[in-house]
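The values are calculated or read from the model by the stated rules, or taken from the named source; none is laboratory data. Please read these numbers as outputs of a predicted model, since none were measured by experiment. Glycine also receives a Cβ, built like all others from the backbone with ideal geometry; neighbour counts cover every protein chain displayed. The protein model used for the area step is the full one, side chains on, heavy atoms only, and it has no ligands, DNA or RNA in it. Shrake-Rupley method; radii C 1.70, N 1.55, O 1.52, S 1.80 Å.
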Amino acid sequence: METLQNVEFKIRTIEDAPEASKSILTAAKSAYGFDANLLGLMANHPALLYAYWEGDKFLTKNSVLTAKERQIAFLASSYENNCQYCMAAHSSIAQMHRVSQENIDALREGRELPDKKLNALSEYVKATTTKRGQVSNEDINKFLNAGYPKEAILEVITIVGFKVMTNYMDHLAQTPVDVPFQANLWEAK
């Protein structure tokens, strides 16, 4: 990957972030126990940070997918977007949500998942990501026939949208992977 040299963003902290980003960075540090580098980068533009943070919180409370399924979806989209930071972070979070290591490894390697329903989710997220939302009827039918409700189609759009924000931020800033996620470092394909 080409190193971007003309644009550099500082990883903001609660102390030096724009005023509109400080409350979210404070909440994130309280929730995670550390300053997440990706959020510190997003804090340079408070609207980006707000859209991601508040949107993810709202999704968590109003999801049709389980926490495990959401992590599968986050990993599938991050894989297709070649996001080193998000693959490490969501591999770690998926482990916390007890996603099997076999499924995590398959996602990290771009392979079929052993669980057929979760594989259908992964494939649909990948199709949505790579086709930029222009999925086929076949893509939709495979997903729905695996047992997902039609509202999950809309949730996948939401998840892919969040991954556009974080994955693209990582590509632009080449986010250093936080220490808690270092055990799951990942090389882009």
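For the reader, a short list of remarks on this structure follows.
- Residues satisfying the stated conditions in region 153-189, i.e. within 13 Å of the chain's Cα centre (by Cα) and hydroxyl-bearing (Ser, Thr, Tyr): Thr158, Thr166, Tyr168
- Single unsatisfied condition, Ser78 versus (1) farther than 18 Å from Ile159 by Cβ; (2) part of a helix (DSSP H, G or I); (3) not aromatic (Phe, Trp, Tyr): (1)
- Selection status of Leu65, outside any helix (DSSP H, G or I) and within 26 Å of Tyr148 (Cβ to Cβ): yes
- Counting only helices (runs of 4 or more DSSP H) that sit wholly inside region 84-189, those with at least 2 residues that are under 24 Å from Ala51 (Cα atoms) and either touching a Ser or Thr at 6+ places or on another chain (Cβ under 8 Å) or open to solvent by 70 Å² or more (accessible area, probe 1.4 Å) (or both) are 84-96, 116-130, 151-173.
- Of Lys61, Lys29, all but one fail to be surrounded by fewer than 22 Cβ atoms within 10 Å (Cβ to Cβ), of a type in the set (D, E, K, R), modelled with pLDDT of 95 or more and over 25 Å from Ala152 (Cα atoms); the exception is Lys29.
- Residues that are open to solvent by 50 Å² or more (accessible area, probe 1.4 Å) and within 20 Å of Lys163 (Cα to Cα), drawn from region 32-56: Tyr32, Asp35, His45, Ala47, Tyr50, Glu54
- Residues in region 8-67 that are in contact with a Leu (Cβ under 6 Å, 6 or more places away or on another chain) and hydroxyl-bearing (Ser, Thr, Tyr): Ser21 alone.
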